[in-house]
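Everything below concerns the one structure shown next.
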Amino acid sequence: MLDTAKTPNFKQLQYRFTAHVRNPDKFPRPPDIEARHMQIYNELFFNNVESFMSSGFPVLRSIMPNEQWTRLIRDYFETHMASTPLFPQMTREFLRYLEHERITQADDFPFMLELAHYEWAELALSISEQKIDVHGIETNGDLLGGVPVLSPLAWILSYDYPVHQICSDFLPEQPPKQPTDLIVYRDRHDEVHFLQINPVAAQLLALIQADVKQTTRQMLNAIAAQLQHMNPEMVIQGGLQILHDLKCRDVILGVTTT
């Protein structure tokens, strides 16, 4: 709460100004500012934020009625204290709001956070400054007998809901029994792609990402044992085929030379 006794007048005016900009229906306009001028600021700030979020989360925006979407963005605009002024980070700020600050409303979609994360991942990866570096990697090495290397521009994602299928005609109210495992990756041409993977591929990639320093064969043998599969070699060959496909997609870069 603002301590008016200790706060200079110009700062008090700034607080009243920004509070009104954040929510003009809740906080009164500073009396010394003309209503017409204040309205310009109100619309300029809110419309910029709303437009940016609409672009950053196009699917979430498309499935929400206008009034519901406006309430959501207004609540974010009013309550969230952003840690950065950079526009490319605004979608991450909105994700933090949904994850840590959003008070669930009756009309909120149960998959809203997961869908927002899925949409954020595409933008975040597209602007990531990380590069594919094959130093210390044998790009044409033995994928089965070597230790595979995951691209730093490949993220393994797991969701309760099939977020990649959500649209205005598909709004699930309950998650399916099996989670949805996806890879989002940026290839050598700087194009971002999504790929749905099966549970075995998800387990294998999780082990690679954890940098367990095991060969592909060792990891797939462990997965086959965990699954109690009657034919471990089938799991191994299936996993190897998956890795070959992922290498063609720039998800797997090769095997380590160390």
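What to note about this one:
- Between the listed residues Leu153, Thr139, Ile197, the Cα displaced farthest toward the positive end of the dipole of the range 135-258, a dipole computed from Cβ unit charges relative to the Cα centre, is found at Thr139.
- Between Glu129, Glu233, Glu93, the residue with the greatest mean-square fluctuation in the GNM of the chain (Cα pairs under 10 Å linked by springs) is Glu129.
- Normalising the average separation of contacting C-alpha pairs (under 8 angstrom, six or more residues apart) by the number of residues puts the relative contact order of the chain at 18 percent.
- Coil-residue trypsin sites (Lys or Arg not before Pro) of the range 105-206, DSSP, other Cβ within 10 Å capped at 16: Lys131, Lys177, Arg188
- In plain terms, the chain from Glu129 to Asn47 could stretch by 26.6 nm, reckoned as 0.36 nm per residue minus the Cα-Cα distance.
- When only the Cβ of Lys, Arg, Asp and Glu is charged (+1, +1, -1, -1), the dipole of the chain relative to its Cα centre reaches about 560 debye.
- q = 0.08 Å⁻¹: log10 I(q)/I(0) that the Debye formula gives for the chain, counting C-alpha atoms only: -0.47
- Environment charge at Ala82 (Cβ cut-off 11 Å; Lys +1, Arg +1, Asp -1, Glu -1): +1
- Among Phe77, Phe57, Phe27, the largest mean-square fluctuation in a Gaussian network model of the chain (Cα springs under 10 Å) belongs to Phe27.
- The distance from the alpha carbon centre of the range 24-38 to that of the range 94-169 is 42 Å, rounded to a whole number.
- Net charge dipole, the range 137-256: roughly 280 debye, given to the nearest 20, about the Cα centre with Cβ charges of +1 for Lys and Arg and -1 for Asp and Glu.
- Gyration tensor over alpha-carbon atoms, the range 1-114, equivalent ellipsoid semi-axes in Å: 28, 16, 14
Just so you know, all these numbers are worked out from the coordinates, no wet-lab data involved. Remember, predicted model here, so these are calculated numbers, not experimental data. We place every Cβ from the backbone using ideal geometry, glycine too, and count neighbours over all the protein chains shown.
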